[in-house]
């Protein structure tokens, strides 16, 4: 008799985190890796788009809104134009009505305000995947 597995195999899920703050990227990388997710982090959305390194098999995007060069929603709009249908969590300290409306139009699944509650982030990721 084989015991049932009660924890999910999260390694099959690939999460892309884009944030311009290296300490935030490091924190998310550790958090998501400990939860078993395959995690890709990037600090520059412009570089990611121009390099061609974007993995089309990403399951979830965790995007910061306010970044130099390109904000998270502009980055997401370009990904959507390129047929990326990954689920998306947008994180920001600047969640106003305009940002919320743009996020809804682009299919953002979850808006989280900074500072992020780590337990809430984990829960939302698990629910979306």
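The values are calculated or read from the model by the stated rules, or taken from the named source; none is laboratory data. All figures in this text were calculated on a predicted structure; none of them were measured in a lab. Please note: Cβ atoms are built from the backbone with ideal geometry, for glycine as well, and neighbour counts cover all protein chains shown.
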Do we have any residue at all in segment 13-20 that's in a loop (DSSP other than H, G, I, E, B), modelled with pLDDT of 95 or more, in contact with a helix residue (DSSP H, G or I) (Cβ under 8 Å, 6 or more places away or on another chain) and under 20 Å from residue 93 (Cα atoms)?
yes
Test residue 93 against the criterion of being within 24 Å of residue 119 (Cβ to Cβ), within 14 Å of the chain's Cα centre (by Cα) and in contact (Cβ under 8 Å) with a residue 12 or more places away in the chain, and give yes or no.
no
Can you tell me which of 79, 63 is closer than 16 Å to residue 105 by Cα and in a strand (DSSP E or B)?
63
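Do we find that residue 69 is surrounded by fewer than 17 Cβ atoms within 10 Å (Cβ to Cβ), in a loop (DSSP other than H, G, I, E, B) and modelled with pLDDT of 95 or more in this structure?
It is false that residue 69 is surrounded by fewer than 17 Cβ atoms within 10 Å (Cβ to Cβ), in a loop (DSSP other than H, G, I, E, B) and modelled with pLDDT of 95 or more.
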Residue 30 - would you say it is closer than 20 Å to residue 123 by Cα, exposed (fewer than 12 other Cβ atoms within 10 Å of the Cβ) and either in contact with a strand residue (DSSP E or B) (Cβ under 6 Å, 6 or more places away or on another chain) or free of Cβ contacts under 8 Å to residues at least 12 places away in the same chain (or both)?
yes
